[in-house]
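Asker: The structure under discussion is supplied below as structure tokens; questions concerning it will follow.
The values are calculated or read from the model by the stated rules, or taken from the named source; none is laboratory data. Worth saying up front: this structure is predicted, and the values here are computed from it rather than measured. Neighbour counts are summed over all protein chains in view; Cβ atoms, including those assigned to glycine, are modelled from backbone coordinates with ideal geometry. When the accessible area is computed, the model is the full protein with side chains, heavy atoms only, and any ligands, DNA or RNA have been set aside. Shrake-Rupley method; radii C 1.70, N 1.55, O 1.52, S 1.80 Å.
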Amino acid sequence: MAQCTWRLHKNANTACNLEIINNRLNPKSDHCLYGVFHKPQTHGGARFLRANLLQPPCDLNTIATRLDCLQELTEKEELFYNLQSLLDRFMDIDHLISLCIQIPKQESVKTAESKIANIIYLKHTLELADPLQAALTGAQSPLLKAYFQSLQDARFQLILQKVQAVIHDDTHYQKGSLNMRAQKCFAVRPHINGLLDVARKTYTERVDDIADMVRQLGEKYSLPLRCSYNSARGFFIQMNVGGKGGGPPKEHLPSVFVKIGKYKGTLNFTTDDMIKMNGKCTYIQSKNYYVSLSVHFKFKQVSQSDCVFRSCKRISARNLPDE
């Protein structure tokens with residue numbers, strides 16, 4: 001072990017023998033020092049915890065400040081649970097910033113889609129700054145006070161205003177590939193670009209056509225069909241098999257259905273017409289992404305503000321256990 005002025009450094013063999021991060025007998029087991037602590041609320045918090053276990057601080061003031069913060073969180077349940085619920089909504093900000101400042105060597109549909117998604121993620125994160133500041137109101141420990149004061153930085157609102165000048169107020173981060181696909185499609189405010197408005201209207205009509213086609217197929221063959229979507233396959237048809245209200249097995253499906261697969265009690269399949277309509281939707285959506293980038297603000301300049309970088313460290317340090 002080696003000691004510097006404020007951290008204690010351990011070599012790899014020592015960390016392995018002490019089972020700080022991994023169990024020596026079973027690397028997948030949680031029976032180690034890192035596994036004793038409950039899973040942090042954010043990805044940044046997990047990295048922060050790992051770094052502090054491998055290189056724990058040895059400065060007395062740092063340790064005392066963190067203990068004061070811990071004591072206040074254990075004594076004030078409302079503060080604890082308010083912070084816990086908010087931190088659970090944060091994304092991996094460190095990863096987000098790295099994505100924001102990267103410049104792709106060549107623009108493609110994938111990079112265009114990624115940039116629009118990053119704007120939505122940034123908007124989602126900035127909108128949590130005010131609720132987080134409100135949750136920290138009245139905190140007494142020096143560390144929590146410092147976090148509260150850092151969130152008063154006016155640049156957070158300036159960045160959010162730049163985002164909101166382009167991105168629609170109703171655009172939010174949502175779980176699910178189809179939900180996020182819709183958010184990315186309609187992220188940019190209407191009436192900013194006429195071509196974009198036309199492309200989005202066309203996309204909406206194509207999606208409605210697919211939903212109507214699935215409904216008509218269900219009525220024609222008397223099957224409980226539903227339209228589904230995932231990022232790998234696009235739009236496809238699902239049907240529950242067996243049980244009350246379920247459909248027949250795949251051997252008894254009409255020949256119009258192709259690429260039939262089964263997962264547990266659900267059949268997944270499509271039709272030739274749906275494959276063609278999927279291709280049209282994908283093409284229109286790619287055009288949406290490219291046109292959206294034409295009205296896209298200077299993302300790199302926004303993300304390079306040091307207040308965003310500082311917030312990453314503070315949010316990571318403010319992680320709370322699940323229980």
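Asker: In nm, give the distance between the simple-model label positions of D273 and K105, each being 7 Å from the Cα along the Cα-to-Cβ direction.
Answerer: About 4.4 nm, to one decimal.
Asker: Tell me the carbon and sulfur percent of the accessible area for the range 42-104, rounded to whole percent, probe radius 1.4 Å.
Answerer: With neighbouring chains kept in place, the figure for the range 42-104 is 56 percent.
Asker: What distance in nm separates the simple spin-label points at Q152 and H191, each placed 7 Å from Cα in the Cβ direction?
Answerer: If labels sit at Q152 and H191, their model points lie 3.8 nm apart.
Asker: Taking all protein chains as present, what is the carbon and sulfur share of the accessible area of the range 151-197, in % to the nearest whole number, probe 1.4 Å?
Answerer: Heavy-atom surface of the range 151-197 belonging to carbon and sulfur, 1.4 Å probe: 55 percent.
Asker: Rounded, prolate or oblate, given the Cα gyration tensor of the chain, with a/c below 1.5 counting as rounded?
Answerer: Judged from the Cα gyration tensor, the chain comes out prolate (a/c at least 1.5, a/b above b/c).
Asker: Add -39500 (n - 2.57) for each DSSP H run of 4 or more in the chain, then divide by its residues: what number comes out at 222 nm, to the nearest 500 deg cm²/dmol?
Answerer: Calculated at 222 nm, the ellipticity per residue is -17500 deg cm²/dmol.
Asker: Here is a follow-up. How would the range 54-122 be classified by its alpha-carbon gyration tensor: rounded, prolate or oblate, with rounded meaning a/c under 1.5 and the a/b versus b/c comparison settling the rest? List each step's numbers first, then the result.
Answerer: Details: a/c = 5.86, a/b = 2.06, b/c = 2.85.
Oblate shape, in that a/c is at least 1.5 and b/c is the bigger or equal ratio.
Asker: Continuing with the same structure: Given a Förster distance of 41 Å, report the FRET efficiency between K250 and K280 from their Cβ-Cβ distance, rounded to the nearest 0.05.
Answerer: Computed FRET efficiency for K250 and K280 comes out at 0.90.
Asker: Between L33 and Y221, what length in nm is gained on full extension when 0.36 nm per residue of separation is reduced by their alpha carbon distance? If you can, show how the numbers build up before the last one.
Answerer: Details: separation 188, 0.36 × 188 = 67.68 nm, distance 5.84 nm.
Length gained between L33 and Y221: 61.8 nm.
Asker: Calculate the FRET efficiency for M91 and N61 from the Cβ-Cβ distance with a Förster distance of 30 Å, rounded to the nearest 0.05.
Answerer: Approximately 0.40, to the nearest 0.05.
Asker: Taking a probe of 1.4 Å, how large is the accessible area per residue of the range 177-236, in Å²? Present the calculation step by step, with values, prior to reporting the outcome.
Answerer: On the way: 3290 Å² over 60 residues.
Computed with neighbouring chains in place, this is 55 Å² per residue.
Asker: Residues of the range 67-140: accessible area per residue at 1.4 Å, in Å²?
Answerer: On a per-residue basis, 53 Å².
Asker: If you don't mind, another one. Suppose the chain between A51 and D130 were pulled fully straight at 0.36 nm per residue; how much longer would it get relative to their current alpha carbon spacing?
Answerer: Details: separation 79, 0.36 × 79 = 28.44 nm, distance 2.83 nm.
That pair, A51 and D130, stretches by 25.6 nm at full extension.
Asker: Can you tell me the length gained on complete extension of the stretch N17 to Q140, counting 0.36 nm per residue apart and subtracting the Cα distance?
Answerer: Working it through step by step, the gained length comes to 40.4 nm.
Asker: Pairing the Cα long axis of helix 194-221 with the longest principal axis of the chain, what angle in degrees results, from 0 to 90 and rounded to the nearest 10?
Answerer: Around 60 degrees separate the two axes.
Asker: Based on the Cβ-Cβ distance from A165 to E205, what FRET efficiency comes out when R0 is 41 Å, to the nearest 0.05?
Answerer: Values: r = 28 Å, r/R0 = 0.69.
For R0 = 41 Å, the calculated efficiency reads 0.90.
Asker: Each residue of the range 159-166 in order: what ³J(HN,Hα) in whole Hz does its phi give by Karplus 6.51 cos²θ - 1.76 cosθ + 1.60, θ = phi - 60°, with x for Gly and Pro?
Answerer: Computed from phi, the couplings for the range 159-166 are 5, 4, 5, 5, 5, 5, 5, 10 Hz.
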